[in-house]
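The values are calculated or read from the model by the stated rules, or taken from the named source; none is laboratory data. Because the structure is predicted, anything quoted here is derived from the model rather than measured. Cβ: placed from backbone, ideal geometry, glycine included. Neighbour counts: every protein chain shown.
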Amino acid sequence: MSCTRGRRPGCRAHPIRRTANIDPVRTVDSGPAPPNGPGPSGDAIEPVRGLARVTDMVDTLAAAGLTVERTQLGQARELPAVVDLAAYRLVQESLTNAHKHGTGTARLTISYTADAVVVDVVNPIAAGRVPTRSGYGMLGMRERAATAGGTLEAQPRPDGWFAVHAELPAPAPKTVTGQQT
């Protein structure tokens, strides 16, 4: 037994005293890593997930048994990183939920508007499943949308389908005489 813990007869516990301030550990950024190349440690680095990688996700889910009807409205464009990642993760969670709680099909629509990127995922709810608007997945989706400055609605529809609708701010670049600014 340790006397400092006060467990031995005749010993008193000594309070721990702070003797020094320790600065947080700082790391040095060695700059951006190549998209598919090795990082500073020599390990391969996977590209940041974004809507450009949705086809890979849909293919993976198809291999797992989910049929996704995918539609894109508007011209795809470069999005702010936080919006692009949030949109990807919202699609991922929505389609994962459709696979778990649905009948094996889902519809995904990604719309690029002048001011936003809009994600809609709808799927039929499997018989015997009770749809919920809460849960950690739904909470995480709402937080992710809010962090990106957007909104998310997720709810069952009267027709027996579950709908997820997210709007994330992504203003299109302004053009001046045919040139983007």
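Filtering the range 155-170 to residues that are of a type in the set (A, V, I, L, M) and in contact (Cβ under 8 Å) with a residue 60 or more places away in the chain leaves Val164, Ala166, Leu168, Ala170.
Scanning the range 110-131 for residues that are of a type outside the set (S, T, N, Q) and not in a loop (DSSP other than H, G, I, E, B) yields Ile110, Tyr112, Ala116, Val117, Val118, Val119, Asp120, Val121, Val122, Pro124, Ile125.
Please find, within the range 35-94, the residue that is modelled with the highest pLDDT out of those that are among the β-branched types (Val, Ile, Thr) and in contact with a Pro (Cβ under 9 Å, 6 or more places away or on another chain). Here the residue is Val83. Of Val122, Val91, Val118, all but one fail to be buried (at least 17 other Cβ atoms within 10 Å of the Cβ), over 15 Å from the mean Cα position of the chain (by Cα) and free of Cβ contacts under 8 Å to residues at least 60 places away in the same chain; the exception is Val122. Identify, please: which residue in the range 115-140 is modelled with pLDDT of 95 or more and among the aliphatic types (A, V, I, L, M) and is, among those, farthest from Arg77 (Cα to Cα)? Among those residues, the one meeting the criterion is Val122. In summary, Gly65 fulfils each of the numbered conditions (1) part of a helix (DSSP H, G or I); (2) farther than 23 Å from Arg142 by Cα with the single exception of condition (1).
Scan the range 48-72 for residues that are surrounded by 11 or more Cβ atoms within 10 Å (Cβ to Cβ), over 14 Å from Ala98 (Cβ atoms), free of Cβ contacts under 8 Å to residues at least 40 places away in the same chain and of a type in the set (A, V, I, L, M, F, W, C) and the total you get is 2.
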